[in-house]
């Protein structure tokens with residue numbers, strides 16, 4: 001019976017082969033095979049971390065409690081194995097470091113390619129493979145194998161896909177070169193399509209110099225968005241890990257709606273990267289103001305002391 005690694009290598013090789021066939025009918029097959037290869041490779045990485053454990057236990061999606069016949073209970077691995085929904089957490093628990101945002105995007109793009117009603121373009125498949133490239137490399141590194149030695153020509157094919165993708169990303173970035181950015185943070189922010197989460201978003205009028213007047217089009221899915229929508233979604237995507245960790249730790253979000261302009265672009269430590277608003281300290285208590293604590297009608301006071309002042313009046 002083929003091992004997890006052998007199945008992973010075969011699926012990855014088939015995915016790259018399907019992609020390079022230049023046959024639009026094989027785009028879905030390329031996506032299916034490549035993503036299946038990633039999942040199998042991740043399972044092999046997990047198994048490699050605990051060579052003395054039962055393979056089924058390591059990759060089981062869950063464990064069921066059963067009577068052990070001696071008055072106690074036994075943990076029995078389910079027949080279902082982990083999928084993309086719980087893969088990230090399992091890898092983290094086993095101390096395997098991969099690009100988690102890329103892993104989440106991988107699942108998202110795969111689902112869109114697999115289930116979308118419109119025809120899948122070669123660009124969408126190229127992007128899906130290119131985004132997964134760092135994950136493949138990190139998983140092979142965790143296993144202790146050189147991908148070039150294992151994947152053969154498929155690895156060279158992946159390198160070509162990655163190179164083409166990066167060329168497209170740079171071409172999109174070039175359409176913003178005339179913009180007079182007020183914020184270095186905003187200028188360097190990766191621009192992510194709100195509809196398909198692709199970074200292949202270009203400005204439709206490259207001569208435009210005002211970022212607040214941007215009109216943008218995604219080269220992957222064709223959707224258009226204004227600059228504010230693009231910035232809000234790009235910030236949320238870029239800061240998704242920090243937002244998640246802050247919520248988990250019961251802390252305030254590093255991204256919030258600006259009390260001045262209302263755009264969801266107030267970044268902790270930066271201020272509002274859309275309008276330039278930077279909150280100072282409360283004029284009464286001296287505490288640093290945040291979008292969560294500032295008074296809604298007085299940007300120099302915290303909400304508490306603004307309300308206290310109102311009552312005194």
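The values are calculated or read from the model by the stated rules, or taken from the named source; none is laboratory data. This is a predicted model, so every value here is computed, not measured. All Cβ positions, glycine included, derive from the backbone under ideal geometry; neighbour counts span all protein chains shown.
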Pairs please, first residue from the stretch 98-126 and more than 16 Å from residue 138 (Cα to Cα), second anywhere and outside any helix (DSSP H, G or I) and modelled with pLDDT under 75, Cβ atoms under 7 Å, 6+ apart in sequence or on different chains. 113/120
Among 127, 146, 170, which is surrounded by fewer than 19 Cβ atoms within 10 Å (Cβ to Cβ), on the phi < 0 side of the Ramachandran plot and in contact with a helix residue (DSSP H, G or I) (Cβ under 9 Å, 6 or more places away or on another chain)? 146
Within the stretch 223-266, the residues that are in a loop (DSSP other than H, G, I, E, B) and under 17 Å from residue 186 (Cβ atoms) are 239, 254, 257, 258, 260, 261, 262, 263, 264, 265
Picking from 230, 200, which residue would you name as being under 30 Å from residue 34 (Cα atoms) and touching a residue at least 40 places away in the same chain (Cβ under 8 Å)? 200
Kindly list the number of the only condition in (1) under 17 Å from the mean Cα position of the chain (by Cα); (2) surrounded by 14 or more Cβ atoms within 10 Å (Cβ to Cβ); (3) in a loop (DSSP other than H, G, I, E, B) that fails for residue 96. (1)
Only one of 226, 195 that is over 20 Å from residue 179 (Cα atoms) and not assigned by TED's automatic domain parsing to the domain that holds residue 290: 195
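Table: residues versus (1) part of a loop (DSSP other than H, G, I, E, B); (2) closer than 17 Å to residue 140 by Cα.
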{"position": "10", "(1), (2)": "no, yes"}
{"position": "53", "(1), (2)": "yes, no"}
{"position": "65", "(1), (2)": "no, no"}
{"position": "92", "(1), (2)": "no, yes"}
Candidates 230, 289, 235, filtered to the one that is over 24 Å from residue 165 (Cα atoms) and either modelled with pLDDT of 95 or more or over 27 Å from the mean Cα position of the chain (by Cα) (or both): 289
